[in-house]
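Student: Just passing along the structure, written as structure tokens.
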Amino acid sequence: MSLLVVGLSHRSAPVSVLERAALSADAQAKLLQDTLAAEPAAEASVLSTCNRIELYADVDKFHAGVAELSTLLAQHSGVGLEELTPYLYVHYEDRAVHHLFSVACGLDSMVVGEGQILGQIKDGLARSQELHTAGRLLNDLFQQALRVGKRAHSETGIDRAGQSLVTFGLEQLAAGRPVDVWAKDKRALVIGAGSMSSLAAATLARAGVAEIVVANRTLERAERLALILSEPGGTGVAARAVPMDAVGDELTRADVVVSCTGATGLVLSEAEILRATEGRTGGLALLDLAMPRDIDGAAHRIGGVRFVDIESLAEASADAPMAADVDQVRGIVSDEVAAFGAAQRAATITPTVVALRTMAADVVTGEIARLDGRLPELDEKQRAEITQTVRRVVDKLLHAPTVRVKQLAAEPGGAGYADALRTLFDLDPEAVAAVSRADLNELNEPVAKNRGRAS
């Protein structure tokens, strides 16, 4: 295993850099394809959220891998390599596994303990499966990260340590008042219809807003979200959809606006916000959860406007209390990292063991065929008994060393046992490689079938 991750997040880079480095869905796909085309990388996956961009790869050379992945991130983000490099972090092998498992548990989130990251990890896995850039290592890694994250949330109280960015952002807008008291009977405008916007709309509905207007570039998606919100089985709030060109008019009627789109430019300009506040008796609350930003930062300076964005959320979350459960989650992460490493090391010996047992079975078959030629008078019962005896002898001779070599291979530094086994038994390298290819084909079958469920 030669797992490498190169990335930047709210912990390593200012929001202004993260904003410029944000990758669209198309850019992420191109980054994955170009990473796989690069010489040091055999697999690749991207984890992209509103406050992190990370590129995972299985590489055969550490230094060349770091240089290549850093260069690719710079090229696809549009931020120059010299400017980007000081904000990049690098994790390798077990440290890379530890990092992703910590991220999955919410330990590395802006709001510690938030659970939205699990959905984003699923999206990253689904994207790399769809593009066939994830092989055995990254499939195993991301799927195990999802299990570790779910375990942390089910076995500890980490949920009490944090919440989603949506909830945290609304609490900041409410400025100390309970969100349901602050939001009651307000008119809300939600811009965007993706997962974050949908969560924001549902959260506002549960908080008691009087109406939710959903605006999106694809009107059908906005209509679908509005229908889900308004139907009896949903939140039951009054909800309607509008096209993006109606945002300006809706802004004048809204009390609270949440925006999270994938737009590359501003969705709400300073001029539009100024027009919306003219003659207004009540204030206007704006929450920008997009990266890059949707709402002009000048909104901070407009009278009667309370504006919260990713940057102000990062500052506020630095003072958020840490729950005692965080230590328990860290223990879970450490245990799971050790288990994952052992499983990956043990898996490297399996093709060699299978090839050894296949060779032994071929030897038995050959010797029984030779015996048939020498003793043609043997009846079927005698032949079957001799065959079974020879197979039992071979199985008993191979059992202890193959079990022990799997145990040894699972320990740190155990990678050399597969080479030793191949050398001692003079195994054909192509036979071992054929087993590995067959295993990979079996892996890809369920991946293809489950691809829709992972998104």
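Student: Calculate one ³J(HN,Hα) per residue across the range 15-31 by plugging θ = phi - 60° into the Karplus curve 6.51 cos²θ - 1.76 cosθ + 1.60, and present them in order as whole Hz with x for glycine and proline.
Tutor: With coefficients 6.51, -1.76 and 1.60, one gets 4, 4, 6, 4, 4, 6, 8, 4, 10, 6, 4, 5, 5, 5, 4, 5, 4 Hz.
Student: A further question follows. Which whole-number percent gives the relative contact order of the chain, counting Cα pairs below 8 Å spaced six or more residues apart?
Tutor: For the chain, the relative contact order is 14 percent.
Student: Still on this structure: Which percent, to the nearest 5, of DSSP beta bridges fully inside the chain are antiparallel?
Tutor: Expressed as a percentage, antiparallel bridges in the chain total about 45.
Student: Another question, then. In the range 123-227, carbon and sulfur make up what percent of the accessible area (probe 1.4 Å)?
Tutor: After summing per-atom areas, the C and S share lands at 46 percent.
Student: Applying 1/(1 + (r/R0)^6) with R0 = 56 Å to the Cβ-Cβ distance of LEU424 and LEU375, what FRET efficiency is obtained, to the nearest 0.05?
Tutor: Once the sixth-power term is evaluated, E becomes 0.95.
Student: Largest first and in whole Å, give the semi-axes of the range 1-120's equivalent ellipsoid, each being the square root of 5 times a Cα gyration tensor eigenvalue.
Tutor: 20, 17, 13
Student: Shifting gears a bit: Ignoring everything except DSSP H segments at least 4 long, calculate the 222 nm mean residue ellipticity for the chain; use -39,500 (n - 2.57) per segment, divide by total residues, nearest 500.
Tutor: -19000 deg cm²/dmol
Student: Follow-up. Report D for the range 292-392 in µm² per second (integer): Stokes-Einstein, Kirkwood Rh on Cα pairs, 20 °C, 1.002 mPa s.
Tutor: Stokes-Einstein gives a translational diffusion coefficient of 100 µm²/s.
Student: Calculate the FRET efficiency for GLU315 and THR358 from the Cβ-Cβ distance with a Förster distance of 45 Å, rounded to the nearest 0.05.
Tutor: Efficiency computed from Cβ-Cβ geometry: 0.15.
Student: Starting with the highest mean, order 147-155, 421-429, 255-263 by the number of other Cβ atoms within 10 Å, averaged over the residues of each peptide.
Tutor: Order by mean packing, descending: 255-263, 147-155, 421-429.
Student: Accessible area per residue of the chain at 1.4 Å probe, in Å²?
Tutor: Per-residue accessible area for the chain comes out at 47 Å².
Student: On to the next question. Shape of the chain from its Cα gyration tensor (a ≥ b ≥ c, root eigenvalues): rounded if a/c is under 1.5, otherwise prolate when a/b > b/c, or oblate?
Tutor: Prolate, because a/c is 1.5 or more and a/b exceeds b/c.
The values are calculated or read from the model by the stated rules, or taken from the named source; none is laboratory data. A quick note: this is a predicted structure, and the numbers were derived from the prediction, not measured. Ideal geometry is used to build each Cβ from the backbone, glycine not excepted, and the neighbour counts take in all protein chains shown. Protein only, heavy atoms only, side chains kept; ligands, DNA and RNA dropped before computing areas. Shrake-Rupley method; radii C 1.70, N 1.55, O 1.52, S 1.80 Å.
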